[in-house]
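As structure tokens, the structure follows; a few thoughts come after it.
The values are calculated or read from the model by the stated rules, or taken from the named source; none is laboratory data. Just so it is clear, the model here is predicted, and its values are computed rather than measured. Neighbour counts are summed over all protein chains in view; Cβ atoms, including those assigned to glycine, are modelled from backbone coordinates with ideal geometry. Side chains included, ligands, DNA and RNA excluded: accessible areas come from the protein's heavy atoms. Shrake-Rupley method; radii C 1.70, N 1.55, O 1.52, S 1.80 Å.
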Amino acid sequence: MNNWANHFSMSVIVFLSVITTSHAALIGLYQFDDANNLGADSSGHNHTLTNNYANYTASGYQAGAVSLNGSAWLQSQGIDPNPTALPQLTWGAWVKPSTISAPYFIQSVISADNGGYDRDINIDRRGGNTWSVFAGSISTSDYMTGYANNNYGVFGSGISPATSEWTFLAAVYDQNVNSMTFYVNDQSFQITTNFGSSQNYFTIGRNPGSGSYEDFHGLIDNVFVYDEALSLEQITSVYQGRYTFSSAIPEPTSAILIGLGLITLLISLERHIRSDKQLACG
Ligand SMILES: [Ca+2]
Ligand SMILES: [Ca+2]
């Protein structure tokens, strides 16, 4: 391969690799596979969870998981789930409760609640003891099922939690358009929301605004947090265990890199033309 071909192929490689590596920002991924470092973040952002009495189990959805007995939880560091800090947020997990009739009437899977029905995925007796989410302050007419109190409330999916198998849960928030989409396995629910301010951290297995009352009983694995509102296609990818996404639409930083790739290509072309001219003159 001559120099011209080398330059050209390198430019194309730069160009193509930039296009295929752009992805939504995964800011926390907790797979609970290391018993000695249960809160480890495998997203690459080092947003390690602090562990408060949660145990490791090898019987996870994939390899290890956290086992929660109703008085244990993990707490985030470095991620602020407030709607003002992250208007768009997606989070979820694979979950296997050991009971659906906990002593108190809520079991929180993941929550930033400090009162006012903040971002929170749970099992809620007021949502019919089904997989539920908090929706902030909304009109009662926006509830498909569930419970409302003073125009605050809980959205119940109507899907009873299984204790014998793992369930995929995700909530996709977009505060800019007052929307949340709640996924339970392959079913989804579009919900109108109006969230106020929450804790500036989140907890797994506990509602941080309710002490131990809403602690979860059972197993949780593969907790994921994104700083964007994922599309159905992206949620499907997460469901299938692929946490980063290829995209044909470059993000701004990728566009800059693509530009650099094109400049490299143009320099190669110019050199090629110049060398042709020199050959012609010589
Ligand atoms: Ca795992
Ligand atoms: Ca609140």
Query raised in the report: At what distance in nm do the modelled label points of residue 85 and residue 71 sit from each other, each positioned 7 Å from its Cα along Cα→Cβ?
Result: 2.9
Report task. On the protein heavy atoms, probe 1.4 angstrom, tell me the percent of accessible surface of the stretch 26-239 carried by carbon and sulfur. Result -> 42
Query raised in the report: How far apart, in nm, are two points set 7 Å out from the Cα along the Cα-to-Cβ line at residue 231 and at residue 40?
Result: 3.3
Report summary line: By the mean-Cβ-within-10 Å protection proxy, highest first, 184-192, 225-233 rank as 225-233, 184-192
Report task. Return one whole number: the accessible area per residue of the stretch 26-239 in Å², for a 1.4 Å probe. Result -> 38
